[in-house]
1. Counting only residues that are modelled with pLDDT under 80 and surrounded by 12 or more Cβ atoms within 10 Å (Cβ to Cβ), how many does the stretch 72-100 have?
2. Limited to the stretch 12-30, what total is found for residues that are in a strand (DSSP E or B) and free of Cβ contacts under 8 Å to residues at least 40 places away in the same chain?
Amino acid sequence: MAKEYYKVSNQCIEFDTDAFTMTVTMHNDNFTVVSIQKMDEHGFNGQYLTFKGSMYKSMANAANPAVVASMSEQDRRQLDHIPSIADVDTFNEMKQSALDYLQTIS
């Protein structure tokens, strides 16, 4: 397959289905992260498929007005953090921003 990119709130995630890695990056005023997790094939597939399943379930719920109306206020606030599909440029910009910050504090 190759690489897939997702954005969740202020994070970008790269799933590399060939190397079985998940890279998470974010940078804002309070928190800077560049995290690469290498997994075996089964662990990676579990993480990757669980993420995608949760994402599509959340997207389906958010698109259904009857479901949204029946949600508690707390559950409705969580809809702001539904993952979306991103691209390599968005991921690389966020990763570079985090790396630039980390290099300046060293």
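1. Qualifying residue count, the stretch 72-100: 5.
2. 5
The values are calculated or read from the model by the stated rules, or taken from the named source; none is laboratory data. What you see is a predicted model, and the numbers here were worked out from it, not measured in a lab. Virtual Cβ from ideal backbone geometry, glycine too; neighbours counted across all protein chains shown.
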